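Novice: What follows is a single structure, and I will ask about it in a moment.
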Amino acid sequence: MRRALTCAWLLALFTVPVWLQDQYLLHIAIVTGIFIIAAMSLNLLLGYTGQLSLGHVAFFGVGAYTSALTAVGFDVDLFGHTFVHDPWPVVPSFLIATAVAGLCGYLIGKLSFRVRGAYFVIVTVSFAEVTRIVALNWVDLTQGPLAVTNIPPFALKLPGLAEYTLFSKTSNYYLVLVVAIVSYVVIKRIVSSRIGRAMIALKGNESLAVSVGIDVTGSLVLAAVVSAALAGAAGSLYAHYIRIIDPDIFLFIYTVTMVIMVMTGGKGTLAGPVVGGIIFGFMPVVVRSFAAPEVQWILYGALMIVIVFLLPQGITPAVERLLTARLLRRENGDENSVLGALPDARRAEGRG
């Protein structure tokens, strides 16, 4: 049943460009997919370790700027020396951006996870603000408010064949879909492993986890590294798809968007960020068709309040409980019907 449902999901996702001919809606699907990747990375921290990162957009922005500057090239004066970097292909830029964002996650984790409480939240928020200020004021490198422009799109060079540049929305959609599937598989493998079980144990009862020998700091730092790296990969995809980035990419509203996707979809579940991302990615488009701008925000907030009050654990856990309850009722009903028929069968045997 679960495998059939997974195959149906994959079939539906891979055929989206076939039946979704509206290019604007396909653009929304691409951007939504990018933020679903970022939300999945946040869910690894928030859902499985219980650590809230309110500066998660910093890793997204670091990945975007690193990939863009590596692909575009730059020359900057630093400590009396001029550093010149020639443009690199986009695929190595993407890998470097992912690694740099993961390194930032490692540094933030090592700095903040040695203490407890709200320190991780404070450190991540501070890091996001620092990166925004750097991007805004280091004009020689980032162009400041003028933005980094002319960012090249993704290009795939097949051995022995010509280079294929992903200009169309359809090709970008499939690129984002593949990266999202890989991110999902990576998170699933981590959560299903011994390290993932240690993370869940830390979230449930840290004192008990420590008493059985779980390395608290090591597990949390690993979660921070993977989470930051995947957020950086999402930022790189965003930069090469939009092809222009400025310091507004570090705005707090993007972190709020990721948190909303995780919380409404169901934190601590693999499908939660996907479900929440699809709903809140396409909801503005649907509401915009019949409501004024002021009403849109009211409806947006009202839906979040309704979900939080009626489904406090999120949409995905609620749907799973509903399906499980129906399956149990069906099995119990079949069992009762069989048990109810037994006395009649026994009486028939006695008469025979």
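The values are calculated or read from the model by the stated rules, or taken from the named source; none is laboratory data. From a predicted model like this one, the values you see are computed outputs, not experimental measurements. Here Cβ is always computed from backbone atoms with ideal geometry, including for glycine, and neighbour counts include all displayed protein chains. Surface areas here come from the heavy atoms of the whole protein model, side chains and all, with no ligands, DNA or RNA. Shrake-Rupley method; radii C 1.70, N 1.55, O 1.52, S 1.80 Å.
Novice: Being polar (S, T, N, Q), modelled with pLDDT of 80 or more and under 21 Å from Ile34 (Cα atoms) is the requirement here; does Thr316 meet it? Before the answer, list the steps.
Specialist: On the way: polar (S, T, N, Q): yes; modelled with pLDDT of 80 or more: yes; under 21 Å from Ile34 (Cα atoms): yes.
Judged against the criteria, Thr316 is a match.
Novice: How about segment 168-198: which of its residues are touching a Pro at 6+ places or on another chain (Cβ under 6 Å) and open to solvent by 40 Å² or more (accessible area, probe 1.4 Å)?
Specialist: First, the residues of segment 168-198 that are touching a Pro at 6+ places or on another chain (Cβ under 6 Å): 170, 173.
Result: Thr170, single match.
Novice: Now for a separate question. For segment 261-279, which positions are crowded, with 21+ Cβ neighbours inside 10 Å and either without any contact (Cβ under 8 Å) to a residue 12 or more places away in the chain or in a helix (DSSP H, G or I) (or both)?
Specialist: Met261, Val262, Met263, Thr264, Gly265, Gly272, Pro273, Val274, Gly276, Gly277
Novice: Another question about this same structure. Consider only pairs whose beta carbons are under 7 Å apart and that are at least six residues apart or on different chains; among these, list those whose first residue lies in segment 69-81 and is among the polar types (S, T, N, Q) and whose second residue is not in a helix (DSSP H, G or I).
Specialist: Close Cβ pairs satisfying both conditions: Thr70/Trp88.
Novice: Pairs please, first residue from segment 149-177 and part of a loop (DSSP other than H, G, I, E, B), second anywhere and loosely packed, with under 12 Cβ neighbours inside 10 Å and at pLDDT below 90, Cβ atoms under 7 Å, 6+ apart in sequence or on different chains.
Specialist: Matching pairs, first to second residue: Pro153/Phe167.
Novice: Mind checking which residues of segment 257-304 are under 18 Å from Leu177 (Cα atoms) and touching a Leu at 6+ places or on another chain (Cβ under 7 Å)? Let's see the steps before the verdict.
Specialist: The initial filter retains those residues of segment 257-304 that are under 18 Å from Leu177 (Cα atoms), namely 258, 261, 270-282.
Of everything in segment 257-304, just one residue is under 18 Å from Leu177 (Cα atoms) and touching a Leu at 6+ places or on another chain (Cβ under 7 Å), namely Met258.
Yes/no per residue for (1) within 14 Å of the chain's Cα centre (by Cα); (2) surrounded by fewer than 20 Cβ atoms within 10 Å (Cβ to Cβ):
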site	(1), (2)
Ala4	no, yes
Leu10	no, yes
Thr15	no, yes
Ala39	yes, no
Tyr48	yes, no
Tyr65	no, no
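Novice: Still on this structure, please answer the following. Looking only at segment 90-99, decide whether some residue is within 30 Å of Asp215 (Cβ to Cβ) and open to solvent by 70 Å² or more (accessible area, probe 1.4 Å). Break it down stepwise before answering.
Specialist: Initially, segment 90-99 is screened for residues within 30 Å of Asp215 (Cβ to Cβ), giving 95-99.
Still in the list and also open to solvent by 70 Å² or more (accessible area, probe 1.4 Å): 95.
Yes: segment 90-99 contains one or more residues that are within 30 Å of Asp215 (Cβ to Cβ) and open to solvent by 70 Å² or more (accessible area, probe 1.4 Å).
Novice: Tell me yes or no: at least one residue of segment 28-40 is modelled with pLDDT of 85 or more, hydroxyl-bearing (Ser, Thr, Tyr), within 21 Å of Leu237 (Cα to Cα) and out of contact with any Gly (no Cβ under 8 Å at 6 or more places or on another chain).
Specialist: Applying the first criterion (modelled with pLDDT of 85 or more) to segment 28-40 yields 28-40.
Applying the additional criterion that residues be hydroxyl-bearing (Ser, Thr, Tyr) yields 32.
Of the ones still in play, those that are also within 21 Å of Leu237 (Cα to Cα) are 32.
From what is left, the residues that are out of contact with any Gly (no Cβ under 8 Å at 6 or more places or on another chain) are none.
For segment 28-40, residues modelled with pLDDT of 85 or more, hydroxyl-bearing (Ser, Thr, Tyr), within 21 Å of Leu237 (Cα to Cα) and out of contact with any Gly (no Cβ under 8 Å at 6 or more places or on another chain): absent.
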